[in-house]
Every structure is written in structure tokens, then in C-alpha cells.
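Okay, structure first, notes after.
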Amino acid sequence: MLSCVSCGRSGHPTCLSIEKLVDVVRSYPWKCIECKACEICLQKGDDVSIMRPPRTARSICSCLNP
């Protein structure tokens, strides 16, 4: 079970479709999709604008691609 460090919401990694990233996700303070923001510019966005790079659960937006 994962719990969001911002709001406290919880979910099973399998239900959240991140079961392959469990070890990575547990290595840092995890945030749910409602609390997740770009780790570079801190802008919040929807699932399309806030993307997860392959093999990570970190979030970035298009701010790295001007």
C-alpha cells in the first residue's frame, strides 16, 4: 500500500498501475496524481501534461523541452 505524502490518500501499486515501479516509488516521498506536480517547475497538471519518464515514477512536464 502506498500513501501520498501530501494528502494521505492510499492505494495498492497494482490498482495504481505502478506495480513494476514499487521499489523506485518507495525510495522517495510518493504523491498521488491529484497532488503530483512537475519536479522541475512545480506546475500541477493533468495526466497528459505531467508525464512519467520510462522506468521511473518521477513527474516532469514539457518545461524541459522549450
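Computed quantities for the displayed model
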item	result
Under Karplus coefficients 6.51, -1.76 and 1.60, residue-wise ³J(HN,Hα) of region 28-37 in Hz, glycine/proline x	8, x, 7, 10, 6, 5, 6, 9, 5, 9
Percent RCO, i.e. relative contact order, over region 1-48, from Cα pairs under 8 Å lying at least 6 residues apart	33 percent
Whole-Hz couplings from phi, Karplus 6.51/-1.76/1.60, listed for region 7-21; x for Gly and Pro	10, x, 4, 10, x, 7, x, 5, 5, 8, 6, 10, 4, 7, 10
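Computed from the coordinates by the stated procedures, all read-outs in this text should not be read as laboratory data. These figures come from a predicted structure and were not determined experimentally.
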